[in-house]
Amino acid sequence: MFGDDPETIELPKVVPVADQPCQQLYEGNPVLLGFDVVQYHFIPSVKDGGVAVRGKPEFAYNFEGYQFWFSTLENRQRFVKDPWKYAPAWGGFCSWGVGLEVEGWPWAIDFLGPPASPWNGWLIVDGVLTFNIWESYSHRFARNLDTNMALAARRWSDWFGDGKHRFAGPFNTHCIGHGRLNNWCLSQQPSPWLQNLPECKFEQTIEQDSDVYPGMSTASNSFFSPNGTSAVVVSGGGIVSDANEFNDFSNARFR
């Protein structure tokens, strides 16, 4: 359905998720162009020939206001069971930029990147998935790994707090380091994570048809109680940002 090559890839859009009938999302594009953040943990490193795997929309899952795609149902289940084990550090933005690009750079709580590459900018550090703009920056970051990880963690925490996990915060959906979707996010991007997520509403209706089995529904946004006598209709939700096309974003970068 979607090409994986950086020169032909399209910016994907989020999709409805069957087991999450009320979507509460900040952005209308999946994290890191839909690449499978779980699969990175099961392939060789970039320098050893590892090839990143694109997820599929049929295995989408919404988490913390963002949509992730997975290449298999098994990977989706792994993520659902332990999402913070697989979610990328500092939202999947460039680790070097988060940790070391301070003076003269625009990065702030309301001004993200820095950009990353899901193709060759990834690096697993002690079981943690990190990204950089290019493979060369992963090498630079790794030269002083412990210090640089600490710098990135401290700055991200200053922006977004520890929350329930030190990697909590917005996720990267379109700040990409190379290819036809090249957007280094050096000009102001939308900051939907500073707004509240749309609310979901759950309304229970009584006295459903007796021949309707529990759990079944005639509508995609409702489900029946175990005794089959009432249904819960889900409404509300939505996407905070209306930007979801490449040209909706300001794509300034160094020339």
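The values are calculated or read from the model by the stated rules, or taken from the named source; none is laboratory data. Everything numeric in this text was worked out from a predicted model, so none of it was measured. Neighbour counts are summed over all protein chains in view; Cβ atoms, including those assigned to glycine, are modelled from backbone coordinates with ideal geometry.
Looking at segment 187-206 only, could you name the residues that are under 20 Å from the mean Cα position of the chain (by Cα), aliphatic (A, V, I, L, M) and over 15 Å from Leu25 (Cβ atoms)?
None; the set is empty.
Can you name the condition, by its number, that Phe63 falls short on among (1) at pLDDT 95 or above; (2) more than 10 Å from the chain's Cα centre (by Cα)?
For Phe63, the failing item is (2).
Please work out which residue is modelled with the highest pLDDT, limiting yourself to segment 229-241 and to residues that are touching an Asp or Glu at 6+ places or on another chain (Cβ under 8 Å) and not hydrophobic (A, V, I, L, M, F, W, C).
Ranking the qualifying residues of segment 229-241, first place goes to Ser241.
Taking into account only those residues within segment 1-46 that are among the hydroxyl-bearing types (Ser, Thr, Tyr) and part of a loop (DSSP other than H, G, I, E, B), which is farthest from Gln195 (Cα to Cα)?
Selected residue: Ser45.
How many residues are more than 16 Å from the chain's Cα centre (by Cα) and either in a loop (DSSP other than H, G, I, E, B) or under 17 Å from Ala168 (Cα atoms) (or both) when one looks only at segment 127-145?
Residues in segment 127-145 being more than 16 Å from the chain's Cα centre (by Cα) and either in a loop (DSSP other than H, G, I, E, B) or under 17 Å from Ala168 (Cα atoms) (or both): 4 in total.
Can you name the condition, by its number, that Leu112 falls short on among (1) more than 15 Å from the chain's Cα centre (by Cα); (2) at pLDDT below 95?
(1)
So which residues in segment 67-126 are in a helix (DSSP H, G or I) and farther than 16 Å from Asp36 by Cβ, if there are any at all?
Those that are in a helix (DSSP H, G or I) and farther than 16 Å from Asp36 by Cβ: Trp84, Ala89, Trp90, Gly91, Ser95, Trp96, Gly97, Val98, Gly99, Leu100.
Identify, from the list Glu101, Glu27, the residue that is touching a residue at least 12 places away in the same chain (Cβ under 8 Å) and crowded, with 16+ Cβ neighbours inside 10 Å.
After ruling out the rest, the residue left standing is Glu27.
Do we find that Pro44 is in contact (Cβ under 8 Å) with a residue 60 or more places away in the chain and either closer than 22 Å to Ile9 by Cβ or exposed (fewer than 15 other Cβ atoms within 10 Å of the Cβ) (or both) in this structure?
When the stated conditions are applied, Pro44 does not pass them.
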